[in-house]
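One structure is given here, and the rest of the page talks about it.
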Amino acid sequence: MPAHTPETLAILEARTREHYETFRARGLKLDMTRGKPSPEQLDLSLGLLTLPGNGDYLSEAGDDARNYGGTQGLPEVRRLFQTMLQAPAEQIVVGENSSLALMHDCLVWALLKGVPGGSAPWSKTPAPGFICPVPGYDRHFALNEEFGFRPLPVAMTDDGPDMDAVEALAADPSVKGMWCVPKYSNPTGAVYSARTAHRLATMKTGAADFRLFWDNAYAVHDLTPTRHAIPDILTLCAEAGHADRPFLFASTSKITLAGAGLAFFAGSPANVAWYLARVAKRTVGPDKLNQLRHVRFLKDHDGILRHMAAQRRLLAPKFEAVLAALDRHLGDLGQVRWTRPEGGYFISVDAMDGTARRTVELARALGIALTPAGATWPGNQDPNDRVLRLAPSFPSVEAVRVAAEGIALCIRLAALEKLRAA
Ligand SMILES: Cc1ncc(COP(=O)(O)O)c(C=O)c1O
């Protein structure tokens, strides 16, 4: 913002507060906290509920999908998702309905049993370190906290994490892993560049059993006609002599049904054998009826892309509404910046330093629930009190439009309050 005299700042603040109070009088009740699909998005997958249909419960190989067995997942499902996952079908495992649960299991198994290439379970390392690009996904950080990992924040850039910082941290033998959301990252929308992926695949790690937790949650979740491609991390790591470095995760939570989709693990042959050995103790077999449903509903990779184009038509106007409100109300505040994601589920706002908490408080008073300030940092501690994560997917477009106006006003008011107090 251009330098203002105390008088003009006072006028700007008074005007914004008046606008804010008018909004408050509307008695809104809107929720922009979590990146959940809307009911209309879920309706796109209603066809799943009548499948497999016609009493045809047999898999391609003639196995009865209603029965036990098939720990790795039906081959036809693994083939259906191999392009999306950038992994050959033999190196994919189909889990149940949540990729977060698979990440949880991998962390627990690594701690208790160790992983291929390691000489001891991770729990033998006191407070093992985990690299956390920030801002990042709160539930990743919650897993670290749950199991006693030492979070190591590194800054995100438009190309992925700050790789100089990552390489320096990874050289420490007590650092065991790193979170990566390589495409349309939560919450900034960043897409990892070829250079970033190459450095991740080739970097020297202090721990021989270091793992990239490559959480490709938004692999096909474009918000524009451009389908960004990300590097094939499995091949890059194998070529660099680190075939076991990546653990790949993804799910159909935001493709089909968020509570009743399919989750995937993929990795090197050694990692897949390790995973299957563990999971075989945990279950007598996954829900293969749901797997059959997904094959018959989505059919092939083009079917996935067509389905995602329909999702985009519902989601894109909501993102546009938020961006329009931010542009309109905050364009003149130089210290406030926001992302313009081309995919994924979030817009990340860098509010003026020291105002994110105040913004959330102001929004609450308007009846708009926002993700708590700090949630995108390990331990909920954003050292600059700066980042706000906006999740426009769930409410209707009309509600998003209203909420976005309100949120932009709150960001503006908090910034003007801060400038006035300075
Ligand atoms: C980066 C990321 N990973 C994983 C998940 C959760 O995925 P799932 O529903 O497969 O557990 C989310 C949900 O918001 C996410 O943003």
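The values are calculated or read from the model by the stated rules, or taken from the named source; none is laboratory data. This one's a predicted model, so the numbers in the text were calculated from it and none came from an experiment. Because the Cβ atoms are built from the backbone with ideal geometry, glycine has one as well, and the counts that use them run over all protein chains shown. Heavy atoms of the whole protein, side chains included, go into the accessibility calculation; ligands, DNA and RNA do not. Shrake-Rupley method; radii C 1.70, N 1.55, O 1.52, S 1.80 Å.
Summary table below
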| item | result |
| --- | --- |
| Normalised contact order of region 90-223, rounded percent, pairs of Cα under 8 Å and 6 or more residues apart | 23 percent |
| For region 197-290, alpha-carbon Rg relative to the globular expectation (2.2 N^0.38 Å, N residues) | 1.25 |
| V284 - accessible surface, heavy atoms, 1.4 Å probe, Å² rounded to 10 | 90 Å² |
| Three-way shape call for the chain based on the alpha-carbon gyration tensor, with the a/c threshold at 1.5 | oblate |
| Per residue accessible area of the chain, 1.4 Å probe, in Å² | 41 Å² |
| Set K254/K281; K113/K299; K318/K418; K254/K418; K36/K204; K29/K254 screened for pairs whose C-alpha atoms are more than 27 Å apart | K254/K281; K113/K299; K318/K418; K254/K418; K36/K204 |
| The chain, accessible surface, carbon-and-sulfur percent (1.4 angstrom probe) | 53 percent |
| Helix 6-24 vs. the chain, principal-axis angle (Cα, 0 to 90°, nearest 10) | 60 degrees |
| Percent RCO, i.e. relative contact order, over the chain, from Cα pairs under 8 Å lying at least 6 residues apart | 25 percent |
| Nearest-20 debye value, region 338-392 charge dipole, Cβ charges on Lys, Arg, Asp, Glu | 140 debye |
| Given charges at beta-carbon only (K, R positive; D, E negative), |dipole| of the chain in Debye | 480 debye |
| Charge dipole of the chain about the Cα centre (unit charges at C-beta), most positive-ward option of M32, I304, N384 | M32 |
| Simple Cβ-charge dipole of region 139-275, Lys/Arg +1 and Asp/Glu -1, about Cα centre, in debye nearest 20 | 200 debye |
| T339 accessible area, 1.4 Å probe, all protein chains in place, Å² to nearest 10 | 30 Å² |
